[in-house]
Amino acid sequence: MELSAAEKRVKELRRLIEYHSQRYYNEDSPEISDYEYDAMRRELESLEAEFPELDSPDSPTKRVGGAPLDKFEKVRHEVPMGSLTDVFSFEELDAFIDRMDAETGGETVFSVEPKIDGLSVSLIYENGIFVRGATRGDGMVGEDVTSNLRTVRSVPLRLSEPLPYICVRGEVYMPRRVFDELNEAREADGLPLFANPRNAAAGSLRQLDPRIAASRRLEIFIFNLQSGSLYMDGREALTHTESLDRLSELGFTVLPHRRTLSGKAAVREHVERLGELRSELPFDMDGAVIKADSFRDRIIAGEGTATPKWAVAYKYPPELKKTKLLSVSVQVGRTGVLTPIANLEPVKLAGSVVSRATLHNANYIAEKDIRIGDSVLIRKAGDIIPEIAESVKEDRDGDEEFFAMPKLCPSCGHPVTVEDGAAVRCTYPGCPAQKSRGIIHFASKGAMNIDGLGTQIVEQLLVNGLIDGPADLYSLKVEELEGMDRMGRKSAENLVAAIDRSRSAGLERVIYALGIRQVGEVAAESIARRFGTMERCMEATFDEFCAIGDIGEITATNLVEYFSSDENRHLIAELEERGVSMTAGVAPETGNGFAGLTFVLTGTLPSMTRDEATALIKARGGKVSGSVSGKTSYVLAGDEAGSKLTRAKELGVTVIDEETFKKML
């Protein structure tokens, strides 16, 4: 094909692809099949490869992802990307509406919209071409993720009109269907699962390799014009609704299910309606946004120090769904604790189908009077873990049955013990369930961080007799692994390499990986910093453990008992023989400059991980907490800081960025 003919065909293909993208993403009315759409893309890719001079930064082929990046560059937002004030009741919402009505001198017209649970970004277009996209970051400075945003098909690479300049704000999200498929694939590959679609979207958008982002099939809803003109003739939009309608005309996928309303009753009705739609929508939403529609009203209301005064976000309470408790099974954990699990009639809850829920322990079941056969109300604790909130006693017909915890371990058949009237535990060292879960914990991210060693792989290794305990992992060979189910040569090589890398994880990770009761990551780090070597840990007395700030008497007793066991000492010796480091990798104590200070970390820091920042704080005598309170000294905030940052501002806690933190160091 000659250059002139190729140029004509390339232009035609780009026009067709953009047209059909618009029909699919913005109008929800596709005219061709996915096969036909992909065929056009492949033809365009082929022509651009054959005629490099025809390549263009706004070509739809850029959505497949380019070369990996070394790092993300920092971007200072021209218009700050602020957050909203949260309200948790209709009384608070009514008070906001009354205040707005008083300030605007009449019934304020509001735009009521779903609050998408995703990752906020800004997109900049010059002469109608997408030139840059950035994460929200701390609201003032974000990260340049242009390469990854080009892979999001609902981000238009070229607008329908060549506007000189506009900047818009949107929410990148992962559709629930894509999230479910991604987790299914990760589970099959033995990889850790994403907790929810928002975490998956955030992790995908911050991949240095755009090809990974492209494979995650992210989407975006645009919800605000940040700056610039939407019209070529100098006109200005007078309302938020007008601006979104105009953005839709230009090719953006704007927020669905939004309505302009005035009056408390009408606003409340639509907020409730959006709440009812939550489980039916293909995306996650965690609230409704109520914002003044008129830009004039926004100017009248003004801006607060951290949030606009003309908008709030109504946060929905945890969703409750009614279903039937069919039976109760018992799961044995890595420390031998037996946990009752409710088997339920499947029900859709907070965007996913739930058929199992935790019942915690025997006391929980007794206190809530939960019986097999009951109708029950379930919710997701923290929007992640399903649990039974209560039984619906008025639905009982007399056929319900009481549940009692077993007297024998369901995994090994040995007698169980009852501790503190609630915890039921199997103490048999050879219990298969404990062995399996112990190895899974040993390989987990916070422990030895062996990527690719998931539940299915561990169970296969045990069944095939390739391992009997954690130390055996370090003797595995590629040839032994590649014949297992779902394990090819490359996967086997990757797993062996990951196991080998874990040898240098450091003493603090080894201590946590051993699964000593009540010894978490923080305590393990404190122990490693205090004693420095595994040998000193095994020699330490009860009093020496109690002298560590994070260690109480019960934990100290558990540590002494663990290190006194011949079986546990044998395991530690085996790990050391196989090259696992038994010396501390945490920063040594360097003074007490942070003594008496409590830090809370939130978001992603530019040049260090939160674990590294935590180690630096503790090395200087400071403490790190997981929640913000009046006792918090500083909140160290990075990219995509969430509710902890909002809470800090509410309490007047000092918020610092990484640059300030480094100066403090």
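Checking Arg246 against (1) crowded, with 21+ Cβ neighbours inside 10 Å; (2) farther than 27 Å from Ser147 by Cβ, which test does it fail?
Failed condition: (1).
Can you find, within the stretch 184-220, the residue that is surrounded by the most Cβ atoms within 10 Å (Cβ to Cβ) among those that are touching a Leu at 6+ places or on another chain (Cβ under 8 Å) and at pLDDT below 80?
Gly190
Any idea which of Leu616, Leu601 is surrounded by 16 or more Cβ atoms within 10 Å (Cβ to Cβ) and either of a type in the set (Asp, Glu) or within 18 Å of the chain's Cα centre (by Cα) (or both)?
Working: Leu616 fails: either of a type in the set (Asp, Glu) or within 18 Å of the chain's Cα centre (by Cα) (or both).
From the options Leu616, Leu601, the qualifying one is Leu601.
Of the residues Ala471, Ala433, Ala492, Ala447, only one is of a type in the set (A, V, I, L, M) and under 30 Å from Pro346 (Cα atoms); which? Can you show your working first?
Numbers: Ala471 fails: under 30 Å from Pro346 (Cα atoms); Ala492 fails: under 30 Å from Pro346 (Cα atoms); Ala447 fails: under 30 Å from Pro346 (Cα atoms).
Residue meeting the stated conditions: Ala433.
What pairs come up if the first residue lies in the stretch 456-480 and is under 13 Å from Pro432 (Cα atoms) and of a type outside the set (Val, Ile, Thr), the second is modelled with pLDDT of 90 or more and not in a helix (DSSP H, G or I), and their beta carbons are under 7 Å apart, counting only those six or more places apart or on different chains?
From residues that are under 13 Å from Pro432 (Cα atoms) and of a type outside the set (Val, Ile, Thr), the pairs are Leu461/Ile467.
Using the structure shown, decide if Leu453 is among the hydrophobic types (A, V, I, L, M, F, W, C), assigned by TED's automatic domain parsing to the domain that holds Val332 and on the phi < 0 side of the Ramachandran plot. Before the answer, list the steps.
Values: among the hydrophobic types (A, V, I, L, M, F, W, C): yes; assigned by TED's automatic domain parsing to the domain that holds Val332: no; on the phi < 0 side of the Ramachandran plot: yes.
Here the answer is no, as Leu453 does not meet what is asked.
Would you check which residues across the stretch 499-539 are buried (at least 18 other Cβ atoms within 10 Å of the Cβ), of a type in the set (A, V, I, L, M) and free of Cβ contacts under 8 Å to residues at least 40 places away in the same chain and list them?
Ile511, Ala523, Ala524, Ile527
Can you confirm whether Ser154 is at pLDDT below 95 and outside any loop (DSSP other than H, G, I, E, B)? Before the answer, list the steps.
Details: at pLDDT below 95: yes; outside any loop (DSSP other than H, G, I, E, B): no.
It is false that Ser154 is at pLDDT below 95 and outside any loop (DSSP other than H, G, I, E, B).
May I ask you to list the residues in the stretch 338-355 that are surrounded by fewer than 18 Cβ atoms within 10 Å (Cβ to Cβ) and either free of Cβ contacts under 8 Å to residues at least 24 places away in the same chain or more than 16 Å from Glu319 (Cα to Cα) (or both)?
Thr339, Ile341, Asn343, Glu345, Pro346, Val353, Ser355
Tally up the residues in the stretch 363-406 that are over 21 Å from Ser279 (Cβ atoms), touching a residue at least 60 places away in the same chain (Cβ under 8 Å) and not hydrophobic (A, V, I, L, M, F, W, C), please.
Quick first cut of the stretch 363-406, residues over 21 Å from Ser279 (Cβ atoms) only: 363-374, 391, 393-406.
Those left that are additionally touching a residue at least 60 places away in the same chain (Cβ under 8 Å): 391, 403, 405-406.
Then drop every residue that is not not hydrophobic (A, V, I, L, M, F, W, C), which leaves 391, 406.
Residues meeting the conditions: 2.
Against the conditions (1) part of a strand (DSSP E or B); (2) touching a helix residue (DSSP H, G or I) at 6+ places or on another chain (Cβ under 6 Å); (3) modelled with pLDDT under 95, where does Thr260 fall short? Just the number, please.
(3) is the only condition that Thr260 fails.
Looking only at the stretch 320-356, which residues are closer than 30 Å to Leu514 by Cβ, of a type in the set (Gly, Ala, Ser) and part of a strand (DSSP E or B)? Even if it seems obvious, please write down each step before you answer.
Restricting attention to the stretch 320-356, the residues satisfying the condition of being closer than 30 Å to Leu514 by Cβ are 329-341, 356.
Within this subset, residues satisfying the condition of being of a type in the set (Gly, Ala, Ser) are 329, 333, 336.
Scanning the stretch 320-356 gives a single hit, Ser329.
Taking the conditions exactly as written (of a type outside the set (D, E, K, R), more than 30 Å from Leu514 (Cα to Cα) and in a loop (DSSP other than H, G, I, E, B)), does Pro317 satisfy them or not? Give the steps one after another, and end with the answer.
Values: of a type outside the set (D, E, K, R): yes; more than 30 Å from Leu514 (Cα to Cα): yes; in a loop (DSSP other than H, G, I, E, B): yes.
Answer is yes for this residue.
If we keep just the residues of the stretch 38-65 that are out of contact with any Leu (no Cβ under 9 Å at 6 or more places or on another chain) and at pLDDT below 75, which is nearest to Lys8 (Cα to Cα)?
Asp38
Across the stretch 643-665, which residue is nearest to the chain's Cα centre (by Cα) among those that are within 24 Å of Tyr314 (Cβ to Cβ) and among the basic types (Lys, Arg)?
Per the criteria, the residue is Lys644.
Scan the stretch 625-655 for residues that are at pLDDT 85 or above, outside any loop (DSSP other than H, G, I, E, B) and closer than 28 Å to Arg530 by Cβ and jot them down.
Correct list: Tyr634, Val635, Leu636.
The values are calculated or read from the model by the stated rules, or taken from the named source; none is laboratory data. Remember, it's a predicted structure, so these values are computed and weren't measured experimentally. Note that each Cβ is placed from the backbone with ideal geometry, even for glycine, and that neighbours are counted across all protein chains shown.
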